[in-house]
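To start, the structure itself, in structure tokens.
Since every read-out is calculated from the coordinates, none of them should be taken as a lab result. What you see is a predicted model; the values in this text were computed from it and never measured. Ideal geometry is used to build each Cβ from the backbone, glycine not excepted, and the neighbour counts take in all protein chains shown.
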Ligand SMILES: [Mg+2]
């Protein structure tokens, strides 16, 4: 049985026709045993605003800042256990100082920064990406780098991404990967779409940077885009799990 649906926001749930969001929301509301979770690269204030823009179901949890923040419930209570884990492996001022030396890195827009995430904007070549990684390495700074949408470079604590935050939720609720569905469209979703044993959905409008994931057995590539594509994938995986017979 699928007990948790984790959706990226921009380009996955958000960005398509309002009718698709309506159908998606109606369906999710009919599933009392399905935990609905958002996992986004946006900051928490930004995703909170985004969710109010349309008729999205209210999430049980919100994973924001590429996995570096988690809030629970309709009152959006910060997961302090998760925050405390990150605090011990992250020194933002030191990382900022080191990356300041890298002249080609683009703008740091305050709108995209989190306590445990630094986001640069601008197109990077493979060579430039490798240079950033090398500079961090030379300074003994161990972080994760995620380059997505051919524009955003996210720097986050080592091993912390959307997948790590989902593992945290799975432990909290006692869920197995086979009971979880995840949906995404871009490179910052790769870690969660490739969690071993998880049921993944790639919406039809995904970026070329993740097209190769379509070949994986655990990835269902939707024919529909955005929220409609997520709904199509969710029904597929529920059908495969034997939930609500014949609904797919
Ligand atoms: Mg996205």
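Go ahead and run the numbers for FRET between residue 205 and residue 49, Cβ-Cβ distance against an R0 of 30 Å, rounding to 0.05. Mind showing how you got there, number by number?
On the way: r = 22 Å, r/R0 = 0.74.
Computed FRET efficiency for residue 205 and residue 49 comes out at 0.85.
Using only alpha carbon pairs under 8 Å that are at least six residues apart, calculate the relative contact order of the range 1-49 and give it in whole percent. Working shown, then result.
On the way: 34 pairs, mean separation 26.7, N = 49.
Reported relative contact order: 55 percent.
With contacts defined as alpha carbon pairs under 8 Å and 6 or more residues apart, what's the relative contact order of the chain in percent?
Working: 463 pairs, mean separation 53.9, N = 248.
Reported as a whole number, the value is 22 percent.
For a protection proxy built on the mean count of beta-carbon atoms within 10 angstrom, sort 45-52, 186-193 highest first, please. List each step's numbers first, then the result.
On the way: 45-52: 15.5, 186-193: 24.1.
Those peptides, ordered most packed to least, come out 186-193, 45-52.
Rounded to whole Å, give me the distance from the Cα center of the range 70-117 to that of the range 171-234.
Result: 25 Å between the Cα centres.
Sorted by average packing, counted as other Cβ atoms within 10 angstrom per residue and highest first, what order do 210-221, 83-94 take?
On the way: 210-221: 14.6, 83-94: 13.0.
Those peptides, ordered most packed to least, come out 210-221, 83-94.
Going 7 Å from the Cα of residue 241 toward and past its Cβ, which residues in the range 164-188 have a backbone nitrogen under 20 Å from where you end up?
Only 164-185 fall inside the zone, counting backbone N under 20 Å.
Could you compute the FRET efficiency for residue 115 and residue 223, with r as their C-beta to C-beta distance and R0 at 30 Å, rounded to 0.05?
Efficiency for this residue pair is about 0.15.
Does anyone have the angle between helix 226-240 and the longest principal axis of the chain? Alpha-carbon axes, 0 to 90°, nearest 10?
For 226-240 against the chain, the angle is about 60 degrees.
Within the chain, what percent of beta bridges assigned by DSSP are antiparallel, to the nearest 5?
Details: 18 of 37 bridges.
Roughly 50 percent of the DSSP beta bridges within the chain come out antiparallel.
What are the semi-axes of the equivalent ellipsoid for the range 90-157, taken as the square roots of 5 times the Cα gyration tensor eigenvalues, largest first, in whole Å? Display every interim value, and only then the final one.
Working: eigenvalues 50, 46, 22 Å².
With the √(5λ) rule applied to the range 90-157, the semi-axes are 16, 15, 10 Å.
Suppose R0 equals 35 Å; then what is the FRET efficiency for residue 26 and residue 215 from their Cβ-Cβ distance, rounded to the nearest 0.05?
Details: r = 32 Å, r/R0 = 0.92.
In this case the efficiency is close to 0.60.
Over the Cα atoms of the chain, how large are the radius of gyration and the largest Cα-Cα distance (Dmax), in Å?
My reading of the Cα-based Rg and Dmax gives 17.8, 58 Å.
Given only helices, namely DSSP H runs of n ≥ 4 each adding -39500 (n - 2.57), what is the per-residue ellipticity at 222 nm of the chain, to the nearest 500 deg cm²/dmol? Can you show the working numbers first?
Values: 8 runs with 82 residues, N = 248.
Calculated mean residue ellipticity at 222 nm is -10000 deg cm²/dmol.
With a 10 Å radius around each residue's Cβ, average the other Cβ atoms per peptide and rank 144-154, 227-237, 159-169, highest first. Show your work: numbers first, answer last.
Values: 144-154: 18.2, 227-237: 24.0, 159-169: 22.3.
The packing order, highest mean first, is 227-237, 159-169, 144-154.
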